[in-house]
Amino acid sequence: MNKIKYLAIGDSITQGFNNTIGSGTCGIKTESKIIKGFSFPDFFIDILEKYFHYLNKNDIDIEYDNLGLSVLRSVELNDILEENFSNDFISLIKMNKYIEKMANLNIQDDIWKINNELSNKENFLLISNKFKNKIREANLITITIGGNEFQSSIPLDLIREFVSEPNYYKQQKLKIALVNKIKEIILKIKLDYIKLVKLIRNINPESKIILLNYPLPFLPILKKYDFELKRKNFKIFNNFIDKFSELGSDVISEIANETNSFYCNIFNKKFWFKKSKILFSNAFDFHPSIYGYMEIARELFNFCIKNRLINEELNYDLKFKKWLNFNRNIFFHKSMFLKNKNKYLNIDPFSNIENNVVFILRAWTQNNNSSNNPYIRLFREELRKTWNNQRSYFIANKENYLSSTVLVVDYILLLLKQIDKKSTVYEYFKNNLINEENLKEISQKIIFNNEIAKLFTSAEYCFRKNSKKPFSVFLNKFISANIDVIFKIIKETISTSKQFNKKIVDFIELIIKNLDNEKIFILGNNSVSILLEVIFENKEFINLIKPLFNSIISVIKNINIFKSFDEIINYFISENTKNIKILIKKIIEIIFNKFNDDFETLSKIFLNILNLKSTDLNNKEWKMLDLFLLKLINYVKKEQNVEYIIDVFIKVSKKVKIKDAIDFNNNSALNHIKKISRKVIKTINFSFFKKENIQIINLLWNFLLIKIINKIRKFFKW
C-alpha cells in the first residue's frame, strides 16, 4: 500500500468533540489541502507519518478525511447510504455547524456543506453522493458508532433499583435482569450497525474496515462511583462497571466477525482509570480530552501494525514501539503545536480547564426536535417510567428526541403530583405555566445567559478539588461558590420574560383565590403531612397566609431591585414581620389545640424530626420524650413565652443565609434543627442568663438529648 486513503466515519468521538473547545476538532489531509486537527484520526495520521519517516519510507502517500458528526447514529448513516431522504439529517448537520460557529471553527466543509440555494432533499442527495464517493476511494476505514443509541436507551430505573436494593439476594436477581435488558438493547443496536457495515462493503468491497469501541463516558465520575460501590458491597459491585463496558465491546467484536471487519479495542481500563484526570479534561463529559484522543490513536496504530493493515510487508520496529508506548501521549506536545501552529485549526487545545458544553446545549435549544440530545430522550422516558412504574426498553427513535424543555416538563410533572389534579390550580399550572412555548423561551434565556458557562467551568474546578470526597461535598461546595451566579441567572430569566413573569403572578393569584374554595395540595400519610393538613383546614390560617402570597407576587414583579436570595428573604421577613408573628402564633395554637391530649401523634411528629422510629427508643428514651412534650406544652400555654419565641424565630430567620440552608451531605430535618439551634444560641447569647433564654435552650437541649443518648446507646450496644 503505497498510498493510504484513510476515511474516519462516526459520531462525536470520531469528530474529536472536545468540551474544552466546545466543538468537534477534526482536520483534513488531501493533495490540495492540509489542516491538522485534534481528533484521534488526526493523531493516528501523525503517528503514521512519524513511523514512515523513522523507517525512511517517504514514498508512502497519506490522504485522510473525517466524516464524524456529533449525535450521529447508524440509522442516519444507513439513510445517507441508501438515499432515504430525511430532514432530520439536514438538521443534524446544521446543528453541528451552529456549534462550530460558536467555537469560532469551520470544519468538514468538503462534505457537510449546506447549499442554501438548494432544497433540503437536493442537499441530502448531494451529500449522499459525496459520502459514497469518499467510501469508494478509501482503502482504510475506521468506524465509531452506537454510543448515542446505547446512552439514550440505558434502563436507568432498573440501575437505580439495583444499586439501592439493600437485600443481597434481590440484588443478585436484579443484576441478572439488568444485564439481560442491556443485552436486549445492544441486540437492536447490532442490527443497524451490521446493516451499515454491509452497505459500506457493497460500495467498497476491498477496503479494510476497523470497528472501534469506546472509552467509558464521564470517566472521573465513574471511577469515583466504582470505588464507592465496591466499598458498599464488593461481591456484588466488583465488576459492575466492567460488565457494562464489556457488553458494549463484545457486540462490536461480534459485528466485526460477522462482517469480515476488524475490531480494535482502544479502552485499556487499568490505564484509563489511572490517568482519568488527564485523559478526560472534563469530569462532566462523554468525550475524552486531547490526550484521550492521542491514546485512542496510539492503540489504533499498534493494532494496524500488528495486523499488517497498513502494509503487509511492514514490520513493527521494536525501538519505535518502545518509544511510542513509553512516551504514550508525549508524541504531540505544546511546544510542537506552537512551532507548527499555522498548520493546525485556529484553536488552543492546551487551554485551561473549561467546560463549553453550553455550545451544544445552545444548539439543541435553537434547532428543531430532530437534532436534540439523545440523553434528553433517555431522562424523559426514565421519569415517565418512574412515575408510572413502567419498564419498556427500546432504542429511542431520532424523531422522538423531543426538545430539552420536555425534560423540564417531566421534572415539573413530578412536582405536580403534589397538587390535586381536580383543582383549577393544577390545570392552569400544566396548561399555561409549563407549556412548550413558555419553557422553550425560559430554557433559551438560561442557556444563552453569559453566566451559564461560568457554572459549568466552576463545576469542573469544584469536582477536581473535591474528587476524593463524597459527591454531596462537591455539590455543597459548588452551590456555595456559585449561589450569587445562580441568583443572577434566575433574576435575569424572570425579569426579561414578561409573559412568563405574568403567568407566575397569575398562578400565585389563582392559589390565593382558590385556597378557600378547593383542596389544592395532596399530602402524604406521614405525621408531618397530617399536621400540615390540620393547619390548612383552618380558615383563619388561610386568611393569614394570603398576604404572604401577595408579598411573593411583589418580589417577582420587582425582582430586579434585589441582589441576592438573602436580600429577598430579609425583605420578605421585614415587610411581613407582623403577619408572620400572627401566623406562627396561629399555627402553634392550631397544633396544640388539636394535639394537646394526643401525645401519640405529637411523638411521631418529633421523632420524624429526629429521624428516629418508635422502635428505636428504649423505655428511658420514651420517658425523655414524654418529659420534653410535657415541658413544651406547658411552655406554649403561656402567651408571653410564645411571643418571645416568635421574636427569636424572626431574628434567627434574618440571620440564616441561603448557603446555610443547603446541605446535600445531610438534608435531614434534624440537621436543620441543629443549624437553627446554633443560630438561636448566637442570637440570644448577649443575655444568656435571661430566664426566657434559659427556657428555650433547655427545651432545645432536652429535645436533642434524646437523639444523642440514642446514638450513644447504639454505639456501645447498651
Worksheet item: Can you tell me which of GLU295, GLU313 is buried (at least 18 other Cβ atoms within 10 Å of the Cβ), farther than 26 Å from ASP192 by Cα and either modelled with pLDDT under 90 or of a type outside the set (Phe, Trp, Tyr) (or both)?
Response: GLU295
Worksheet item: Can you tell me which residues in the stretch 557-581 are of a type in the set (A, V, I, L, M, F, W, C) and either touching a Pro at 6+ places or on another chain (Cβ under 6 Å) or surrounded by fewer than 15 Cβ atoms within 10 Å (Cβ to Cβ) (or both)?
Response: ILE561
Worksheet item: So GLN171 clears everything in (1) modelled with pLDDT under 85; (2) surrounded by 18 or more Cβ atoms within 10 Å (Cβ to Cβ); (3) among the polar types (S, T, N, Q); (4) closer than 30 Å to ASN19 by Cβ except one condition, right? Which one?
Response: (4)
Item to complete: Filter the stretch 88-136 down to residues that are more than 15 Å from LEU72 (Cβ to Cβ), assigned to a loop (DSSP other than H, G, I, E, B) and among the hydrophobic types (A, V, I, L, M, F, W, C), then give me how many there are.
Response: 4
Discussion item. What's the total number of residues in the stretch 601-652 that are surrounded by fewer than 17 Cβ atoms within 10 Å (Cβ to Cβ) and of a type in the set (Ser, Thr, Tyr)?
Written reply: 4
Worksheet entry | Any pair with Cβ under 8 angstrom, 6 or more apart, that starts in the stretch 594-618 at a residue that is within 15 Å of ILE708 (Cβ to Cβ) and ends at one that is hydroxyl-bearing (Ser, Thr, Tyr) | LEU607/SER614; ASN611/SER668
Worksheet item: Just one of the numbered conditions (1) in contact (Cβ under 8 Å) with a residue 24 or more places away in the chain; (2) surrounded by fewer than 16 Cβ atoms within 10 Å (Cβ to Cβ); (3) in a helix (DSSP H, G or I) is not true of ASN260; which one?
Response: (3)
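Take residues that are modelled with pLDDT of 90 or more and closer than 30 Å to LYS491 by Cα and tell me which of the helices (runs of 4 or more DSSP H) falling wholly in the stretch 535-625 contain 3 or more. Write out each step before concluding.
On the way: elements: 539-557, 565-575, 577-595, 599-609.
Hits in the stretch 535-625: 539-557, 565-575, 577-595.
For THR14, indicate whether it is of a type in the set (Ser, Thr, Tyr), under 32 Å from the mean Cα position of the chain (by Cα) and either closer than 30 Å to GLU460 by Cβ or surrounded by fewer than 23 Cβ atoms within 10 Å (Cβ to Cβ) (or both).
Numbers: of a type in the set (Ser, Thr, Tyr): yes; under 32 Å from the mean Cα position of the chain (by Cα): yes; either closer than 30 Å to GLU460 by Cβ or surrounded by fewer than 23 Cβ atoms within 10 Å (Cβ to Cβ) (or both): yes.
In short, yes.
Listed here are the residues, each with its yes/no results for (1) at pLDDT 50 or above; (2) under 16 Å from the mean Cα position of the chain (by Cα); (3) more than 17 Å from ARG362 (Cα to Cα); (4) not hydrophobic (A, V, I, L, M, F, W, C).
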{"residue": "TRP387", "(1), (2), (3), (4)": "no, no, yes, no"}
{"residue": "ARG391", "(1), (2), (3), (4)": "no, no, yes, yes"}
{"residue": "LEU416", "(1), (2), (3), (4)": "yes, no, yes, no"}
{"residue": "ASP420", "(1), (2), (3), (4)": "yes, no, yes, yes"}
{"residue": "VAL425", "(1), (2), (3), (4)": "yes, no, yes, no"}
{"residue": "ILE434", "(1), (2), (3), (4)": "yes, no, yes, no"}
{"residue": "ASN449", "(1), (2), (3), (4)": "yes, no, no, yes"}
{"residue": "THR457", "(1), (2), (3), (4)": "yes, yes, no, yes"}
{"residue": "CYS462", "(1), (2), (3), (4)": "yes, yes, yes, no"}
Worksheet item: What number of residues in the stretch 488-502 are in a helix (DSSP H, G or I) and under 17 Å from ILE553 (Cβ atoms)?
Response: 9
Discussion item. Contact list please: Cβ distance under 7 Å, first residue in the stretch 170-194 and farther than 26 Å from GLU258 by Cβ, second residue at pLDDT below 85 and not hydrophobic (A, V, I, L, M, F, W, C), pairs at least six apart or on different chains.
Written reply: GLN171/GLU165; LEU174/GLU161; LEU174/GLU165
Worksheet, complete the sentence: Within the stretch 122-159, residues of a type in the set (Asp, Glu) and either without any contact (Cβ under 8 Å) to a residue 40 or more places away in the chain or touching an Asp or Glu at 6+ places or on another chain (Cβ under 6 Å) (or both) come out as GLU122, ASP157
Fill in: Unique residue being touching a residue at least 60 places away in the same chain (Cβ under 8 Å), out of contact with any helix residue (DSSP H, G or I) (no Cβ under 6 Å at 6 or more places or on another chain) and at negative phi when the list is SER423, SER480
SER423
Worksheet item: Which condition number in (1) buried (at least 24 other Cβ atoms within 10 Å of the Cβ); (2) within 27 Å of ILE186 (Cβ to Cβ); (3) of a type outside the set (Phe, Trp, Tyr) is the one that ASN78 fails?
Response: (1)
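Conditions (1) within 18 Å of CYS462 (Cβ to Cβ); (2) more than 26 Å from the chain's Cα centre (by Cα), marked per residue:
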{"position": "LYS477", "(1), (2)": "yes, no"}
{"position": "ASN482", "(1), (2)": "yes, no"}
{"position": "ILE489", "(1), (2)": "yes, no"}
{"position": "THR493", "(1), (2)": "no, no"}
{"position": "ASN514", "(1), (2)": "no, yes"}
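Please verify whether ILE266 is more than 15 Å from ILE186 (Cβ to Cβ), touching a helix residue (DSSP H, G or I) at 6+ places or on another chain (Cβ under 6 Å) and at pLDDT below 80, treating the condition exactly as stated.
Details: more than 15 Å from ILE186 (Cβ to Cβ): yes; touching a helix residue (DSSP H, G or I) at 6+ places or on another chain (Cβ under 6 Å): yes; at pLDDT below 80: no.
No: the conditions fail for ILE266.
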Discussion item. Condition first: in contact with a Leu (Cβ under 8 Å, 6 or more places away or on another chain) and surrounded by 20 or more Cβ atoms within 10 Å (Cβ to Cβ). Now tell me which residues in the stretch 136-155 satisfy that.
Written reply: ALA138, LEU140, ILE141, THR142, ILE143, THR144, ILE145, ASN148, SER152, SER153, PRO155
Response to the item:
Filter the stretch 92-130 for residues that are among the polar types (S, T, N, Q) and surrounded by fewer than 18 Cβ atoms within 10 Å (Cβ to Cβ); the one that is farthest from GLY37 (Cα to Cα) is SER119
Worksheet, complete the sentence: Those residues of the stretch 6-33 which are among the aliphatic types (A, V, I, L, M) and touching a strand residue (DSSP E or B) at 6+ places or on another chain (Cβ under 7 Å) amount to LEU7, ALA8, ILE9, ILE13, ILE28
Worksheet item: Somewhere in the stretch 235-245, is a residue within 25 Å of GLU295 (Cβ to Cβ), of a type in the set (Asp, Glu) and free of Cβ contacts under 8 Å to residues at least 24 places away in the same chain?
Response: no
Worksheet item: Here are ASN435, ASN450: which of them is free of Cβ contacts under 8 Å to residues at least 40 places away in the same chain and either farther than 15 Å from VAL485 by Cβ or of a type in the set (Ser, Thr, Tyr) (or both)?
Response: ASN435
Item to complete: Evaluate the stretch 578-595: report whether one residue or more is farther than 30 Å from LYS691 by Cβ and more than 43 Å from the chain's Cα centre (by Cα).
Response: no
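The values are calculated or read from the model by the stated rules, or taken from the named source; none is laboratory data. Since we're looking at a predicted model, the values are computed, not measured. When we count neighbours, we look across all protein chains shown, and the Cβ atoms used for this are built from the backbone with ideal geometry, even at glycine.
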